């Protein structure tokens with residue numbers, strides 16, 4: 001089983017639950033429609049990694065504010081990369097087929113370390129730098145569906161196990177990457193940095 005690190009402890013998620021199309025400007029940059037309902041999909045435990053690997057020239061990264069769950073509620077926050085084989089996803093979407101081949105492959109859920117989150121959720125902010133240039137910027141206010149809404153919707157049809165991760169969606173600025181690219185992510189609450197993650201594409 002793959003694991004993440006939460007407050008210096010190993011945690012083994014049974015699954016990663018992802019929210020699609022949760023930022024209006026990201027929806028527009030990909031030419032999609034704003035959905036009538038929350039878009040959700042899963043990545044298996046086997047997708048989890050702490051290393052960013054180069055996949056192919058069409059694979060893009062999507063930086064996200066992520067949550068680790070305990071006792072049905074949000075226990076901690078961290079940074080994650082949802083890797084997507086964009087050309088394959090577009091093909092699957094055009095055929096009305098599921099996205100797993102483009103979204104749920106091995107190494108497609110890359111996480112930094114998670115830290116405890118206590119009463120700061122409405123001030124959350126994420127910054128992601130690509131080779132020292134700001135590439136993505138997410139805030140609580142920009143989310144269409146807020147974290148508590150996301151948890152409630154998932155729990156309405158799926159059991160959330162302790163250690164499961166929720167990826168809350170990506171803001172505008174998704175792009176492809178190449179070997180050697182450096183990604184530096186920061187998660188803030190109340191203007192204070194809670195955690196940061198660094199990756200170099202291998």
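The values are calculated or read from the model by the stated rules, or taken from the named source; none is laboratory data. From a predicted model like this one, the values you see are computed outputs, not experimental measurements. Note that each Cβ is placed from the backbone with ideal geometry, even for glycine, and that neighbours are counted across all protein chains shown.
Summary table
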{"quantity": "Residue in segment 63-70 that is surrounded by 19 or more Cβ atoms within 10 Å (Cβ to Cβ), over 16 Å from residue 22 (Cα atoms) and at pLDDT 95 or above present", "calculated": "yes"}
{"quantity": "Cβ-Cβ under 6 Å pairs, at least 6 apart or on other chains, segment 48-69 side at positive phi, far side outside any loop (DSSP other than H, G, I, E, B) and at pLDDT 95 or above", "calculated": "none"}
{"quantity": "Boolean, residue 166 is at pLDDT 95 or above, in contact with a helix residue (DSSP H, G or I) (Cβ under 7 Å, 6 or more places away or on another chain), closer than 20 Å to residue 4 by Cα and not in a strand (DSSP E or B)", "calculated": "no"}
{"quantity": "Given (1) closer than 19 Å to residue 172 by Cα; (2) in a strand (DSSP E or B), index of the condition residue 67 fails", "calculated": "(1)"}
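Rundown of residues vs (1) buried (at least 16 other Cβ atoms within 10 Å of the Cβ); (2) farther than 20 Å from residue 18 by Cβ; (3) in contact with a strand residue (DSSP E or B) (Cβ under 9 Å, 6 or more places away or on another chain), yes/no style:
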site	(1), (2), (3)
123	no, yes, yes
127	yes, yes, yes
133	no, yes, no
140	yes, no, yes
147	yes, no, yes
151	yes, no, yes
166	yes, no, yes
